[in-house]
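Everything on this sheet refers to the single structure shown next.
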Amino acid sequence: MTELNETLGLTQHEAQALDTWQPPQAPLSMPPQALTREPSENSLLTWARGFWLRASD
Amino acid sequence: MPLPPSTATRLTRSIALVFAMTAALSAGGLLLTVGAEDGFDTLDVVRTVLIMVTTAWLAWGASLALAGLWPSRAVSVPPSTGPAPRTVMLVPICNEDPVSTFARIAAIDRSLAASGASVDIAILSDTRDPHASAKERAAFVRLRKAVTGQGELFYRIRENGAGRKAGNVGDFMRNSGRAYDLAVILDADSLMSGEAIRMMIDRMVADPQLGLLQTLPRLVEGHSLFARAMQFSAAFHGLVFTRGLMRMQGNTGPFWGHNAIVRVEAFAQSCGLPDLPGKAPFGGHILSHDYVEAALLARAGWRVQVDSAIPGSYEEGPENVLSYARRDRRWCQGNLQHARLLAAPGLAGWSRFVFLQGIMAYVAAPLWGLFLLATLASTVMAPLPDYFPEAYQLFPTFPYDSTLEITTLILGTASLLVLPKFLIWIEAIATGRAQAFGGSWRSFLSMLVEIALTSVLAPIMLAFQTRAVVQVLSGQDGGWPANARGEGRLSVAQSLRASGWIVGVGLGAWGLVYLLAPNLMPWLLPIGIPMTLAPVIIAWSSRPLTHKLFRTPEERDAPQVLQDFRHIMAQWQPAAAPLPADRIDPVAPARA
């Protein structure tokens, strides 16, 4: 990597200084969202099952 | 809870739906008339259903153009007088050409400085290849020396690359999100003027319920016939289509992943994407994350809007058919994956419909193929004409000639594709927009050639899309390889390697029709010829085009930010080296 940096014209100082160009540390919560339904929540399936049970009564 | 659509939005949607259904029923009715002549059978039912679905899809596209024909008033908000919101411009990159990417950032920075907007810039790198990463670092050092804007410049390298672009942006939100109120999200090939960014910030400040504002990026820097035709079409027609989309979608607008601004807290609270259960292509990371993020913001009650009237938003497009098809392969997988999300809890009905539209955009291609196959089968299996159905008949009864119905069907279908473009041309003259495209006649000529070119390319694109759908449905994961930007001219040999199979399918179709239903040969011409000549057409359309045809406003009068980008590129870029042959491959899916 050092050789490559030199080839590309980066001084050691410049290559190391990149580590200081990090964005600010200011954590924010980003919770994963619900995108799929549990099988019991599947309204279409529930409706179809109910419909079938009613029809077969 | 999603915001309810306005009355105007509901009305536009209803009219479009009625238009699409009317077109579908008309097409189905015509085909039923033809099918009923020799006795109605299963194939007629199949053909009728297929033509109704595909025509509804075409008519829906046409309705977008019709809805966008009349001009809209530009939304103007007074510049905010309060404290400026803390804004960051995010540039997620992964194995991109760092010189051109960072030259764009330098040009944007210069434009931001001129506009007086104070915006931090964060380059979020997922590049893991050591050689590419070192080049990126070197380019960053050069960029750091070039920036003049008021904001800070950050460069973060992520080690694990989890979740690809959405994961990259999400990582920034989780680690640094609280430092900002707004984030402008760009792609590596995005270019935006400082004035455009300032306008977007003002819009977000003026409307605290606005969670995301998407601009319409104009394509720039196209050189080949294919790229310049797309560039013209996007600028000339795209504006009207997007205006129609804007009216149709209302507050449940789109996110195209870049050249947009988001409210950071809203985005963080609403858009954390989980991996889907199961394996790729339908499980795992959500590939086309932008549509999902737009739906999630709308689900949380935020406004998501697109505004085609914000000037100064640009991106680059593919230079040839193969680059386009490779990108389409990724988008196909991403859109088909949305089938898993159609029943996601709490989404606005329109968001589900947007997912469905994305799926239809790709499924339509194999449906057209199936329709053609069903038509061939129906012709082959049709009973022989009986000229004397009665026992003692003096004069023969000739079979019903359905040429009129079939011709009406084909012309009707073609008009759904072409008529909106003619109407857009009239709109461009009426509003004076055509001047920037070289005037009424030059823009008319450009439009005619663009229609001819897209008609020739359509069967080739349909073939690539059909293959992509089949690959995804059969479980092949194409991954999400980085764009090979800057690909240029293709030789016939290179095109043949990627499209030889299309030639094979074309020749097979000719042979099949010749053997089974030679009377259908003339009907096969518009599809069979382009497929058989695919390599020649692909190579030919990748040739540079320097003619004034397809002239766009940006070519006529390059905006300052584009001029700055070119100037910086000329300083930074050594003489362009020829592209290694292995970068011009094909559309074959890369394994993730």
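In region B:159-170, is there at least one residue being closer than 29 Å to B:HIS547 by Cβ and not aliphatic (A, V, I, L, M)? The answer is no; no qualifying residue exists. For residues in region B:285-301 being over 22 Å from the mean Cα position of the chain (by Cα) and within 13 Å of another protein chain (Cβ to nearest Cβ), which is nearest to B:GLY500 (Cα to Cα)? So the residue we want is B:ARG299.
Residues in region B:94-131 that are touching a Phe, Trp or Tyr at 6+ places or on another chain (Cβ under 9 Å) and in a strand (DSSP E or B) were compared, and the one that is nearest to the other protein chains (Cβ to nearest Cβ) is B:ALA122.
I'd like to check something: does region B:165-184 contain any residue that is modelled with pLDDT of 90 or more, under 19 Å from B:PRO217 (Cα atoms) and of a type in the set (Gly, Ala, Ser)? Checked against the condition, which is being modelled with pLDDT of 90 or more, under 19 Å from B:PRO217 (Cα atoms) and of a type in the set (Gly, Ala, Ser), region B:165-184 yields at least one hit.
Scan region B:549-560 for residues that are surrounded by fewer than 19 Cβ atoms within 10 Å (Cβ to Cβ) and either touching a helix residue (DSSP H, G or I) at 6+ places or on another chain (Cβ under 7 Å) or part of a helix (DSSP H, G or I) (or both) and the total you get is 5. In region B:315-329 there is at least one residue matching the filter, namely being more than 14 Å from every other protein chain (Cβ to nearest Cβ), polar (S, T, N, Q), on the phi < 0 side of the Ramachandran plot and in contact with a Gly (Cβ under 9 Å, 6 or more places away or on another chain).
Applying the criterion of being in a helix (DSSP H, G or I) and buried (at least 23 other Cβ atoms within 10 Å of the Cβ) to the residues of region B:178-197, the residue that is farthest from the chain's Cα centre (by Cα) is B:GLY194.
Restricting attention to region B:266-287, the residues that are in contact with a His (Cβ under 7 Å, 6 or more places away or on another chain) and not hydrophobic (A, V, I, L, M, F, W, C) total 1.
Scanning region B:132-167 for residues that are more than 10 Å from chain A (Cβ to nearest Cβ), without any contact (Cβ under 8 Å) to a residue 24 or more places away in the chain and of a type in the set (Gly, Ala, Ser) returns a single hit, B:ALA162.
The values are calculated or read from the model by the stated rules, or taken from the named source; none is laboratory data. Remember, predicted model here, so these are calculated numbers, not experimental data. So basically every Cβ, Gly included, is an ideal-geometry build from the backbone, and we count neighbours across all protein chains shown.
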